[in-house]
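Beneath this line is the structure, given in structure tokens, with notes to follow.
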């Protein structure tokens, strides 16, 4: 797998689990074998990725919609990987911290600079270590 794709895309963007599994499978069968594309069946994809058969087509379409792959259907599906990641249509990378405030959430991660919390709305916020109370940690651990 090219380091540029890992550093500039996979480390910065969030992919749904099925898309990431399928992307690794496709990259292994293209970049890994130094070929632009390959033929496969949905059953082979299911076996290799453990993605439910009903979701394989939907996941292929999602990756194709992001310009990561191109597919041609026939007796078997032909999949080509687009290594030009600058042409991929991805959302902006998610920022980890959206603000500083008090955290009442159970979902949190401690970092060296503070604690990242997800509130009831799904927003992330950063809480300074000095503002963490013992009661908060009791709620997190329970």
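What follows is calculated from the coordinates using simple rules that are stated; it is not laboratory data. Note that this is a predicted model, so its numbers are computed, not measured. Because the Cβ atoms are built from the backbone with ideal geometry, glycine has one as well, and the counts that use them run over all protein chains shown.
Overview of results
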{"quantity": "Net lengthening on full extension, residue 91/residue 76 (0.36 nm per residue, minus Cα-Cα)", "calculated": "2.3 nm"}
{"quantity": "Label point distance in nm, residue 67-residue 46, each placed 7 Å from Cα along Cα→Cβ", "calculated": "3.3"}
{"quantity": "Cubic angstrom per residue, convex hull over Cα atoms of region 1-100", "calculated": "109"}
{"quantity": "Inter-probe distance in nm under a simple model that places probes 7 Å from Cα toward Cβ, at residue 55 and residue 3", "calculated": "3.3"}
{"quantity": "Pair residue 28, residue 13: separation of 7 Å Cα→Cβ label points (nm)", "calculated": "2.1"}
